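Only one structure is covered here, and it is reproduced in the block below.
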Amino acid sequence: MAVVPPKTVVVVPTYNERDNLPVLAALLADLPVPNLHLLVVDDDSPDGTGEVADKLVAEAPDTVGVLHRRTKDGLGRAYLAGMARALDEGADVVVQMDADLSHPVSALPVMLDTLRTEDAAVVIGSRYVAGGSTAAEWPRSRRALSAWANAYVNAILRLGLKDATAGFKAWRAETLRALDLDSVHSNGYSFQVEMNHRAVTRGFTLLEVPIHFEERGRGTSKMDLRVQLESALTPWRLRFGGPAGRSGAGSGNGGPARVGPR
């Protein structure tokens, strides 16, 4: 009897990404990863991204799906909706990935292989472990802000991650089920931090592998003042209101960096 490869679902939230989405879908389709699926979660994009997603589904109904949401209520809510759909449809691995082409598709096979071969609950595509990097186009102020955000999160929560705010992740399905997704509070980019915190405090092992983070393809960033404020307050809410836990960290020379229970 033939062995069926694990079902991997890449969940991609979209809002006004009609130009980037077809490029991302084509890059994913070309990967040498069996049983790879794309699930687009579109928040009623006024630029017609939802219609572009429908066209992709019509062209590849066995590997592409779309979840149309009628309310734009944050990146975290979109990811949670997509994760729930992926789990309901039998995903073994769920990948978080941005639609703006900033996350390198070429790194996904390495992340999935690391998840398969290492004792890890989630593998993070990291800009800040040895071998990782950020876009050359980033101004010094943006580099400083990103570094400060990671230092801020780790100082409060002691996650031990080099890239605590990263959004490119591959999760085991059983890990997501254990994190009680229905009770996740964060809405914007701080969703990434809360998910990491939940995994660490529950004793799961997190691995970071290096990636090169590109500048977004087309369109504009969705980071506004409300999202920034939530990102600043969430670590304190988790510190004093979330479950207590322990973390440890290690780093390599361009290989995986590990965070897990001591």
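The values are calculated or read from the model by the stated rules, or taken from the named source; none is laboratory data. On a predicted model such as this, the values are computed, not experimentally measured, just so you know. Heads up, the Cβs are rebuilt from the backbone with ideal geometry, glycines too, and the neighbour counts pull from every protein chain shown. Quick note on the areas: whole protein, heavy atoms, side chains included, nothing else; ligands and nucleic acids left out. Shrake-Rupley method; radii C 1.70, N 1.55, O 1.52, S 1.80 Å.
Scanning for something surrounded by fewer than 16 Cβ atoms within 10 Å (Cβ to Cβ) and either more than 30 Å from ARG69 (Cα to Cα) or in contact with a Lys or Arg (Cβ under 8 Å, 6 or more places away or on another chain) (or both), does region 92-112 turn up at least one residue? No, region 92-112 contains no residue that is surrounded by fewer than 16 Cβ atoms within 10 Å (Cβ to Cβ) and either more than 30 Å from ARG69 (Cα to Cα) or in contact with a Lys or Arg (Cβ under 8 Å, 6 or more places away or on another chain) (or both).
Of all positions in region 49-56, none carries a residue that is within 17 Å of ALA170 (Cβ to Cβ) and open to solvent by 30 Å² or more (accessible area, probe 1.4 Å).
Residue-level check: of (1) at pLDDT 95 or above; (2) closer than 22 Å to VAL200 by Cα; (3) open to solvent by less than 70 Å² (accessible area, probe 1.4 Å), VAL64 misses just (2).
Hey, can you tell me all the residues within region 1-17 that are out of contact with any strand residue (DSSP E or B) (no Cβ under 8 Å at 6 or more places or on another chain) and either crowded, with 20+ Cβ neighbours inside 10 Å or touching a residue at least 60 places away in the same chain (Cβ under 8 Å) (or both)?
So the first thing to find is which residues in region 1-17 are out of contact with any strand residue (DSSP E or B) (no Cβ under 8 Å at 6 or more places or on another chain), and the list is 1-5, 16-17.
Listed by number, the residues that qualify are ASN16, GLU17.
Of the strands (runs of 3 or more DSSP E) lying entirely inside region 1-95, those carrying at least 1 residues that are of a type in the set (Gly, Ala, Ser) are 64-68.
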